[in-house]
Amino acid sequence: MNLVWGRDVISLAPRRIGVEEVARRVALVGGFALLTALGAQVRIPLGFTPVPITMQTFFVLFGGLLLGANLGTTAQLLYLTLGALGAPFFAGGALGFASLLGPTGGYLVGFVASAWLVGQLARGVDPAGPRAGYQVLAVLAVGTVAIYVPGVFWLARVMGMGLWPALGAGVLPFLPGDALKAVLAAALWLRLARR
């Protein structure tokens, strides 16, 4: 199988695929759903906001880069579905559909949009190009905004706060950490893609 880094790990062009290929796709999707769940358990509460620091966003962004839009999105949908059905996959081992309706529910939904956007935009990045690092970081910035936007609006609604306080509680404290996660995801993806 020919891997096309920067576009999709696996071509989704209409063609017959074998059992081995199906198994590979299932393993990738399931693996990134589980990695996102594990990232949720790395949880640092901040006290002044119901939104904790987690490693989830790293796996959402990296999954979008590595798997492409379709498989990356499917991995995040699987993550949300399993968590909503009762697997302790959300931050701090939270589970059930009620977690999607809580203060961090918008961020969880944003994971799906982020994985899709990152996968789509990364198709235009040539990992061997002279500006690949900047391009990937720009893609990941868009992916991060796709998490923040529904997260902040939902946080404001659930907590009954205005938009500016929601930005202060749901975005500003996370910018340095999310920037670091984006740099790590970009560096790892570029290293793999250039092999």
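The values are calculated or read from the model by the stated rules, or taken from the named source; none is laboratory data. No experiment lies behind these values; they were computed from the predicted model shown. In this analysis, Cβ positions are derived from the backbone assuming ideal geometry, glycine residues included, and neighbour counts consider all displayed protein chains.
Structure notes:
- The listed residue being at pLDDT 95 or above, within 14 Å of F62 (Cα to Cα) and small (G, A, S), out of A122, A193: A122
- Selected residue (only one of G96, G106 is more than 18 Å from P150 (Cα to Cα) and of a type outside the set (A, V, I, L, M, F, W, C)): G96
- Test for F89: is it over 21 Å from P176 (Cα atoms), at pLDDT below 95 and surrounded by 21 or more Cβ atoms within 10 Å (Cβ to Cβ): yes
- Being touching a helix residue (DSSP H, G or I) at 6+ places or on another chain (Cβ under 9 Å), crowded, with 23+ Cβ neighbours inside 10 Å, at pLDDT 95 or above and aromatic (F, W, Y) is a description that does not apply to F153.
- When residues in the range 118-143 are screened for being within 16 Å of the chain's Cα centre (by Cα) and either surrounded by 23 or more Cβ atoms within 10 Å (Cβ to Cβ) or small (G, A, S) (or both), 9 of them pass.
- So G160, is it surrounded by 14 or more Cβ atoms within 10 Å (Cβ to Cβ), without any contact (Cβ under 8 Å) to a residue 12 or more places away in the chain and of a type outside the set (S, T, N, Q): no
- If the condition is being without any contact (Cβ under 8 Å) to a residue 40 or more places away in the chain and within 23 Å of P173 (Cβ to Cβ), then the range 52-93 contributes T54, F59.
- Residue pairs meeting the criteria (Cβ under 7 Å; at least 6 apart or on separate chains; first more than 18 Å from L192 (Cβ to Cβ), in the range 125-143; second in a helix (DSSP H, G or I) and of a type outside the set (K, R)): A141/A182; V142/L117; V142/L121
- Flag if A113 is crowded, with 17+ Cβ neighbours inside 10 Å, farther than 23 Å from L167 by Cβ and small (G, A, S): no
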